[in-house]
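Take a look at the structure set out below.
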Amino acid sequence: MDLQTNLHGSVAEFLKAGRPDGPTCLVLDVRLPGRGGLDFQRELSNAGIYLPIIFITGHGDIPMSVQAMKGGAIEFMTKPFRDQDLLDAIQLGLERDRARREDEKAIALLRARLDSLTQREREVMALVVNGRMNKQIAFEIGISQITVKVHRGNVMRKMEAKSLADLVLMAEKLKVSREKH
């Protein structure tokens, strides 16, 4: 296992260094200089920064462990622990962060496709994914069925959807609904 590591002496030092480019996993001691590891975990979460965190400590207790896990930690290890257990936890953290990054890229691509739709195409898409038929859509928004078919075709092409089911899955990921339009 080839791991790149960065060691930071404090939370401030970590924040100053900026986010790493690739998959990342934090290994934090519960007792950190300045702020504690649990406080840092909470700050990251409040800032919308979601990184897999492994806590290590020689001073842990059950409530502390529960707090860490509820905050999203993937592991809470008490010293002494086996090196292999830490390496396994780090590998799990890296896999989770890699998957999260891939999901974010896929969502960004879908969002870009959604942004390419006209307002009317978005409206038609929302109605289509909510199960409306062309005739119902035409009546509801006051256009002809032929125009609905044209918009629907544009939506399928621009979203690169291979089927209605594919479009519905995309809409779920993007949280597209009739209420948004």
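The values are calculated or read from the model by the stated rules, or taken from the named source; none is laboratory data. Note that the structure is predicted; figures quoted are calculated from it, not measured. Note that we place each Cβ from the backbone using ideal geometry, even for glycine, and neighbour counts take in every protein chain shown.
Observations, loosely collected:
- Inter-residue pairs, beta-carbon under 6 Å, first in the same structural domain as F55 (by TED's automatic domain parsing) and over 23 Å from D103 (Cβ atoms) and in the stretch 14-43, second of a type in the set (D, E, K, R) and not in a loop (DSSP other than H, G, I, E, B), 6+ apart: G37/D29
- Qualifying positions in the stretch 80-110 - among the charged types (D, E, K, R) and closer than 23 Å to R19 by Cα: D88, E95, R96, D97, R98, R100, R101, E102, D103, E104, K105
- Residues (touching a residue at least 40 places away in the same chain (Cβ under 8 Å) and surrounded by 14 or more Cβ atoms within 10 Å (Cβ to Cβ)) located in the stretch 131-165: K158, M159
- Residue within the stretch 83-92 that is within 26 Å of the chain's Cα centre (by Cα), in a helix (DSSP H, G or I), in contact (Cβ under 8 Å) with a residue 60 or more places away in the chain and more than 23 Å from Q41 (Cβ to Cβ) present: no
- Scanning the stretch 37-53 finds no residues that are under 30 Å from L174 (Cβ atoms) and in contact with a Pro (Cβ under 7 Å, 6 or more places away or on another chain).
- Residues of the stretch 108-125 that turn out to be surrounded by 14 or more Cβ atoms within 10 Å (Cβ to Cβ) and either at pLDDT below 95 or farther than 15 Å from A171 by Cα (or both), as a count: 1
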